[in-house]
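One structure is given here, and the rest of the page talks about it.
The values are calculated or read from the model by the stated rules, or taken from the named source; none is laboratory data. On a predicted model such as this, the values are computed, not experimentally measured, just so you know. Don't worry about glycine lacking a Cβ; one is built from the backbone with ideal geometry, like all the others, and counts go over all protein chains shown. In case anyone asks, the SASA skips ligands and DNA or RNA and just uses the protein heavy atoms, side chains included. Shrake-Rupley method; radii C 1.70, N 1.55, O 1.52, S 1.80 Å.
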Amino acid sequence: DAGVTQSPTHLIKTRGQQVTLRCSPKSGHDTVSWYQQALGQGPQFIFQYYEEEERQRGNFPDRFSGHQFPNYSSELNVNALLLGDSALYLCASSLAFGPQETQYFGPGTRLLVL
Amino acid sequence: AQSVSQHNHHVILSEAASLELGCNYSYGGTVNLFWYVQYPGQHLQLLLKYFSGDPLVKGIKGFEAEFIKSKFSFNLRKPSVQWSDTAEYFCAVQPSGYSTLTFGKGTMLLVSP
């Protein structure tokens, strides 16, 4: 049973560039959430996708956008990168409207912005 | 908006010592509660969860947590820690009817052999 997978594992970008991160959910899951984990902090919710639509959004600027594909996989895009965007980006998947909707996390993509 | 407070940022224990990590949340409605663990070099894993029913929940690796509604708390406990419990522990709250999680800042546990 494949868990949540993310690619790439590491990425280095420079300020002003754009980045795309990818996530494949756990088998049987239809919902993908993205989180940003800065060093020494807990994960912070960015947004969630269900049925190819953004279902909920956290307190992140419009530079952060996403997409969900018909196979439930998802992308996170960040435009005009800032130094402060350096973080571990986590993807979590879940089954929407399940009796106990629990999120399962992938290994993350570590982004360094120089 | 909800928030989560974890009392200790770092905890150092010797093997066989008992563990209690504090977690308090702020939210006016019904919540679901979680503890996740991040072992060195590994991804975030679910340790245990509370949705309803018995407020004392048991998780993997001998961990348990107690939900005390009147105190808005969900403290994590283990009677006897092992060196392999060295990890970062995160408490998270999920308002009922929503699936997104709000995390605390985490507690780094170091267990010395």
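In the set B:K58, B:K105, B:K78, only one residue is more than 14 Å from every other protein chain (Cβ to nearest Cβ), open to solvent by 50 Å² or more (accessible area, probe 1.4 Å) and either in contact with a Lys or Arg (Cβ under 7 Å, 6 or more places away or on another chain) or on the phi < 0 side of the Ramachandran plot (or both); that residue is B:K58. Per this entry, B:S14 is not counted among residues that are touching a Phe, Trp or Tyr at 6+ places or on another chain (Cβ under 9 Å) and exposed (fewer than 12 other Cβ atoms within 10 Å of the Cβ).
Condition test on B:N8, is it touching a residue at least 24 places away in the same chain (Cβ under 8 Å) and in a strand (DSSP E or B)? For B:N8, the condition - touching a residue at least 24 places away in the same chain (Cβ under 8 Å) and in a strand (DSSP E or B) - is not met. Taking A:F97 as meeting all but one of (1) over 19 Å from B:S96 (Cα atoms); (2) at pLDDT below 95, write down the number of the exception. Looking at each condition in turn, A:F97 falls short on (1). Checked across the range A:50-72, the condition of being of a type in the set (S, T, Y), open to solvent by less than 20 Å² (accessible area, probe 1.4 Å) and closer than 25 Å to B:V93 by Cβ holds for no residue. Take the residues in the range B:17-28 that are open to solvent by 50 Å² or more (accessible area, probe 1.4 Å) and assigned to a loop (DSSP other than H, G, I, E, B); name whichever of them is farthest from A:F45 (Cα to Cα). Result: B:S18.
Could you check, for the range A:6-14, whether at least one of its residues is among the β-branched types (V, I, T), within 13 Å of chain B (Cβ to nearest Cβ) and within 18 Å of B:S99 (Cα to Cα)? Checked against the condition, which is being among the β-branched types (V, I, T), within 13 Å of chain B (Cβ to nearest Cβ) and within 18 Å of B:S99 (Cα to Cα), the range A:6-14 yields no hits at all.
Condition check ((1) out of contact with any strand residue (DSSP E or B) (no Cβ under 9 Å at 6 or more places or on another chain); (2) among the small types (G, A, S)) across all residues:
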| site | (1), (2) |
| --- | --- |
| B:H7 | no, no |
| B:S70 | yes, yes |
| B:S73 | no, yes |
| B:S84 | no, yes |
